[in-house]
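Reviewing the structure listed below.
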Amino acid sequence: MPSLMESTDYDVFEYKHFDEQGLALEEAVKKASQLRSSDATHFHRIIPTDSDMTSFRVESVSRDSVYSELLNRWAELLNRFVTKAAKR
């Protein structure tokens, strides 16, 4: 029976990035730093590609999408609060 960490390997795997070579942590940090200095319209985060955390990749996410997700979460939280207050 696989351990919990082994069973999450499937969740981490993405077909979109299967052919990319994994980077060491130091290389991923350097690449992310270069991208951050050259592209201010995206957030560049380091994502582990395996459960052992031995290889990583850099993922770029639009700032607009991050901010819209954050606002959606806040709206959902406020909506829950308002509906609970209205039921009282």
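The values are calculated or read from the model by the stated rules, or taken from the named source; none is laboratory data. Not measured: the values here are computed from a predicted model. Quick reminder, even Gly has a Cβ in these numbers, built from the backbone with ideal geometry, and neighbours come from all protein chains shown.
Suppose the filter is modelled with pLDDT of 90 or more and either assigned to a loop (DSSP other than H, G, I, E, B) or surrounded by 13 or more Cβ atoms within 10 Å (Cβ to Cβ) (or both); does LEU71 pass it?
Considered against the rule, which asks whether it is modelled with pLDDT of 90 or more and either assigned to a loop (DSSP other than H, G, I, E, B) or surrounded by 13 or more Cβ atoms within 10 Å (Cβ to Cβ) (or both), LEU71 comes out as no.
Evaluate the stretch 34-57: report whether one residue or more is under 24 Å from GLU20 (Cα atoms), assigned to a helix (DSSP H, G or I) and in contact with a Leu (Cβ under 9 Å, 6 or more places away or on another chain).
No, every residue in the stretch 34-57 fails to be under 24 Å from GLU20 (Cα atoms), assigned to a helix (DSSP H, G or I) and in contact with a Leu (Cβ under 9 Å, 6 or more places away or on another chain).
Of all residues in the stretch 7-46, which are at pLDDT below 90 and either loosely packed, with under 11 Cβ neighbours inside 10 Å or in contact with a helix residue (DSSP H, G or I) (Cβ under 9 Å, 6 or more places away or on another chain) (or both)?
TYR10, ASP11, TYR15, LYS16, PHE18, ASP19, GLN21, GLY22, ALA40
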